[in-house]
Amino acid sequence: MLLPRELAVGIACLWQLVAGLNGEFRTSLTLRDFKEQLAKREAKDAALLARDLEQIYPARTLQVPIDHFHNDTLYEPHSNETFPLRYWFDASNYRKGGPVIVLQGGETDGAERLPFLQKGIVAKLAQATHGLGVILEHRYYGESYPTPDFSTENLRFLTTDQALADMAYFAEHVVFDGLEHLDLTASKNPYIAYGGSYAGAFVAFLRKLYPHVYWGAIASSGVPEAIYDYWQYYEAARLFAPRDCVVATQKLTHVVDNLLIGKAGSQYVQRLKSAFGLGNLTRSDDFANTISWGISGLQGLNWDPALNSTKFGYYCNNVSSTALLYPAAAGLGSEARELIAAGGYDGEADTLTNQLLNYIGYVNATAVHNCKESQQDSCFTNYNSTFYQQDNLKQDWRLWAYQYCFEWGYLQTGSGVPADQLPLISRLIDIDFLSVVCREAFSITKPAQVDRINKHGGVNISYPRLAHVDGEWDPWRHTSPHRIGLPDRESTVGEPFILIREGVHHWDENGLFPNETRPGHLPPRAVVETQSAEVGFVKAWVEEWNERDLSDVWGDL
């Protein structure tokens, strides 16, 4: 049933706010993140907003095999069962001969991607090519459950290889409701895959592994090179964030490490925690992690005000200011100066004292103030074996954590930063700290098996009709073919290679309704140019498909 456009717009906007579609692909998650994810799931279930949006795009399912690889011992005991893989589609733009454009949902509930059928990249490509748009949910996420729970044993089928086979199987077997009279499988139609972030790497692998199924693919902010210790995540902030914010963060982090590590066991450790209002937090690594959240926010920047997170700018405005922004912190002035001196920066105390006080004020406002527990460890520790052992179907925080513990890695450490470079987060945030979930939830004690991912080519992956679209300021750029230092590739229609100027994480994926645009501003010119280029080369790919079919016909005459 179609709804009036005004209601459709309202539902889409509301759903975006609840779903948090701000392009955040995250690893190195801690217990706090998992608890927040669980709480958001419960709130979303209560709101039932997905049900409203699905009045426009009802969820369908296709039965797919749980186990595509019966010759691989990894998946023993094998399964001969199938499970319902969810998908949604929009045929409003479809005309016979148009492509099927499939957006891979990636590591989240596929319903969160539904706005892209209305005003994102899928809508743009479908409108331009008279195509049929699809959102395909990733196995285990949302409601695409292959197993009755998320126990470690039952997560053995949660691999990228199995999910890739799902996406190929879908294109070969799907029958769209209302279009049963048409054969819209990949054997008779050009299938174009799109994915952002993890899903970007995913569709790049898909194009290479299943070229007979997917005619083309767009990897947006794809991360095809898995890296276990991904300290380079913070390089984008170091290189592109406001310089005063970077310098202040580096120096204040150095003070923190000189006290927590250099003077471990001394009075300064407790004095530092108490100054930040975290005096009851037991572990120093938990403390270091709690005060690091601000500089981690670069990835949340988006050109669309509805999706943009202002947290990064708020953090930088705080720590870079040399004026005291929190009058209540003035009484800590002498203590802050002593901590700075003990941390090795006595000569810069005049400048750093107010910056440290602002840092303290920021942490109090954004973290300490929000803790309602009697013990701060309950709010901020990364250690809780009881929590990690939960494995029912509500515990979807386990899913992406399992994937990065098992084969993707990307632990975003401060300890991995070269010794001659000041890190932006504490060196106490190390592999041991960030892999707590791997050990506690899944009994994974070894590094992630990144070779399972990098066998596809890593940052050097290349294939005909495979586009790479990345953001200049993206923290994930180092894992992509646009890594700084790699030779620049020529961008062609056959293999587009586009870097969005001053862009962050898959900025080409979302879009606006016409009445929301402001020419020259929203979307920004770089995004408009990128999406226009995507429309152009996808049209060319479809034409190439049509010419190929015509050649086949002529060859039979």
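The values are calculated or read from the model by the stated rules, or taken from the named source; none is laboratory data. Since the model is a prediction, treat every value here as computed from it, not as a measurement. Note: ideal-geometry Cβ built from the backbone for every residue, glycine included; neighbour counts use all protein chains shown. When the accessible area is computed, the model is the full protein with side chains, heavy atoms only, and any ligands, DNA or RNA have been set aside. Shrake-Rupley method; radii C 1.70, N 1.55, O 1.52, S 1.80 Å.
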Of everything in the range 335-374, what is among the hydroxyl-bearing types (S, T, Y), outside any loop (DSSP other than H, G, I, E, B) and crowded, with 19+ Cβ neighbours inside 10 Å? Give them in sequence order.
T353, Y359, Y362
Tally up the residues in the range 89-107 that are outside any strand (DSSP E or B) and either in contact with a Ser or Thr (Cβ under 6 Å, 6 or more places away or on another chain) or of a type in the set (D, E) (or both), please.
3
Just the residues that are open to solvent by less than 40 Å² (accessible area, probe 1.4 Å), farther than 16 Å from A59 by Cβ and not aromatic (F, W, Y), please, taken from the range 140-156.
P146, T147, S151, N154, L155, R156
Selection status of D285, on the phi < 0 side of the Ramachandran plot and in contact with a strand residue (DSSP E or B) (Cβ under 8 Å, 6 or more places away or on another chain):
no
How many residues does the range 391-413 hold that are closer than 20 Å to E137 by Cβ and of a type in the set (S, T, N, Q)?
3
Among (1) in contact with a Gly (Cβ under 8 Å, 6 or more places away or on another chain); (2) open to solvent by less than 50 Å² (accessible area, probe 1.4 Å), there is one condition H254 misses while meeting the rest; what is its number?
(2)
Can you find even one residue in the range 237-245 that is part of a helix (DSSP H, G or I), in contact (Cβ under 8 Å) with a residue 40 or more places away in the chain, more than 30 Å from G485 (Cβ to Cβ) and not small (G, A, S)?
no
Of the candidates A199, A163, the one satisfying the condition of being more than 30 Å from I295 (Cα to Cα), open to solvent by less than 10 Å² (accessible area, probe 1.4 Å), small (G, A, S) and not in a strand (DSSP E or B) is A163
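Quick check on the range 396-422: of everything there that is in a loop (DSSP other than H, G, I, E, B) and open to solvent by less than 10 Å² (accessible area, probe 1.4 Å), which residue is nearest to G343 (Cα to Cα)?
Residue satisfying both the conditions and the ranking: G414.
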Could you check, for the range 171-187, whether at least one of its residues is under 22 Å from F406 (Cβ atoms) and not polar (S, T, N, Q)?
no
Residue set E529, E543, E509, E534; condition touching a Lys or Arg at 6+ places or on another chain (Cβ under 8 Å), modelled with pLDDT of 95 or more and on the phi < 0 side of the Ramachandran plot; output residue E534
Scope the range 80-108; condition open to solvent by 30 Å² or more (accessible area, probe 1.4 Å) and under 21 Å from the mean Cα position of the chain (by Cα); matching residues:
E107
For residues that are in a helix (DSSP H, G or I) and open to solvent by 10 Å² or more (accessible area, probe 1.4 Å), tally how many sit in the range 276-297.
5
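Per-residue answers, yes or no, for (1) of a type in the set (A, V, I, L, M); (2) surrounded by fewer than 22 Cβ atoms within 10 Å (Cβ to Cβ); (3) under 13 Å from R427 (Cα atoms):
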residue	(1), (2), (3)
A241	yes, no, no
V247	yes, yes, no
S266	no, yes, no
R271	no, yes, no
Which residues, counting only those in the range 298-324, are of a type in the set (A, V, I, L, M), surrounded by fewer than 18 Cβ atoms within 10 Å (Cβ to Cβ) and farther than 16 Å from A248 by Cα?
A306
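Every residue in the range 203-218 that is over 17 Å from V100 (Cβ atoms) and either open to solvent by less than 10 Å² (accessible area, probe 1.4 Å) or free of Cβ contacts under 8 Å to residues at least 12 places away in the same chain (or both), please.
A204, F205
Conditions (1) among the charged types (D, E, K, R); (2) within 24 Å of the chain's Cα centre (by Cα), marked per residue:
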{"residue": "K446", "(1), (2)": "yes, yes"}
{"residue": "S462", "(1), (2)": "no, yes"}
{"residue": "V528", "(1), (2)": "no, yes"}
{"residue": "E544", "(1), (2)": "yes, no"}
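With the requirement that a residue be under 21 Å from D161 (Cβ atoms) and either in a strand (DSSP E or B) or open to solvent by less than 40 Å² (accessible area, probe 1.4 Å) (or both), what does the range 456-480 give you? I'd like the intermediate steps shown before the answer.
Restricting attention to the range 456-480, the residues satisfying the condition of being under 21 Å from D161 (Cβ atoms) are 456-463, 466, 479-480.
Within the range 456-480, H456, G457, G458, V459, I461, L466, T479, S480 qualify.
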Just one of A328, A367, A349 is at pLDDT below 95 and touching a helix residue (DSSP H, G or I) at 6+ places or on another chain (Cβ under 9 Å); which is it?
A328
Go through the residues of the range 191-200 one by one and say whether even a single one is aliphatic (A, V, I, L, M) and out of contact with any helix residue (DSSP H, G or I) (no Cβ under 8 Å at 6 or more places or on another chain).
yes
